[in-house]
Amino acid sequence: MNKNLIIIGGIIALLLLLGGCGYNGMVKQEQAAKSSWAQVENQYQRRNDLIGNLVNTVKGYADFEQKTLTDVIEARANATKITVNAEDLSPEKIKAFQQSQGQLSQALGRLMVVSEQYPQLRASEQFTMLQAELSGTENRVATARMDFNNAVQTYNSTIKTFPNVIFSGMMGFHEKGYFEAEQGAEKAPKIGKDAFK
């Protein structure tokens, strides 16, 4: 009987040891995913600020198509309403965030297409500068999203592999969502100088 208790005690101690070692790794991976998310938010905030400046520049052209401008303003407002807490990076929340940002990208794309009809606007130094900054920011957003997906992949793999899978759910570690390629993503949006070709 004592031998059985010692074996059971040894198994429990081993499981606790494995769980404790895995816990530290899961915490590190979760913090890396949260940090990557903060960078995604920073880049989207930069993009949002640039879009606001671009809209204000375009507003200066009184005859600019108001519906297109209104669509960008509304999409920008809707995109800022969708926020995702780093503590809850669930697949559903990431998808909702991505959809709102996608709608803003579509409205911005329409704005750029319509701006082709306004040579004075295209010649504006302010408009050209904002357009170039926005193009660079789109690249930063893509990089931040890729880094986030890599951190999430590492975290999700960590919590789903043995022995962590035994303890991860009990310790509050749950799968996080990824940014997914949007339909039509194989075609890069035209935002920079190429938008006018």
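Some values worked out for this structure:
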read-out	value
Residue exposure sequence - ARG122, ARG76 - by fewest surrounding Cβ within 10 Å	ARG122, ARG76
Label-point gap, in nm, between THR70 and ALA181 - each point 7 angstrom along Cα→Cβ	3.7
Filter on LYS67/LYS176; LYS81/LYS176; LYS81/LYS160 - keep pairs with C-alpha separation over 29 Å	LYS67/LYS176; LYS81/LYS160
GNM flexibility winner over the chain from TYR44, TYR178, TYR61 (Cα, springs under 10 Å)	TYR61
Calculated FRET value between THR83 and ILE166, using beta carbons and R₀ = 30 Å, to 0.05	0.35
Theoretical ellipticity at 222 nm over the chain - DSSP helices of four or more residues, -39500 (n - 2.57) apiece, nearest 500	-26000 deg cm²/dmol
Electrostatic dipole magnitude of segment 76-117 [Cβ: Lys, Arg +1; Asp, Glu -1; Cα centre; debye, to 20]	140
Per-pair calculated FRET efficiency, R0 = 41 Å: SER90 and ASN4 via Cβ, rounded to 0.05	0.40
MET146, MET112 arranged by Cβ crowding within 10 Å, fewest neighbours leading	MET146, MET112
Efficiency of FRET from Cβ geometry, ASN150 and ASP63, R₀ 41 Å, rounded to 0.05	0.35
Matching label, P(r) over Cα pairs in 5 Å bins from 0, in percent computed from the structure shown, candidates (i) 1, 7, 13, 16, 14, 11, 9, 7, 6, 5, 4, 3, 2, 1, 1, 1, 1, 0, 0; (ii) 2, 8, 16, 20, 17, 15, 11, 6, 3, 1, 0, 0; (iii) 1, 7, 15, 19, 21, 17, 10, 4, 2, 1, 0, 0, 0, 0, 0	(i)
Relative exposure of ASP147, ASP88, ASP63, judged by other C-beta atoms within 10 Å (fewest first)	ASP63, ASP88, ASP147
Size of electric dipole in the chain: Cβ of Lys, Arg +1 and of Asp, Glu -1, about Cα centre, debye, nearest 20	320
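Values quoted throughout were computed directly from the atomic coordinates according to the rules given, and no laboratory measurement underlies them. Keep in mind that what you see is a predicted model, and the values were worked out from it rather than measured. Neighbour counts run over all protein chains shown; Cβ positions are idealised from the backbone, glycine included.
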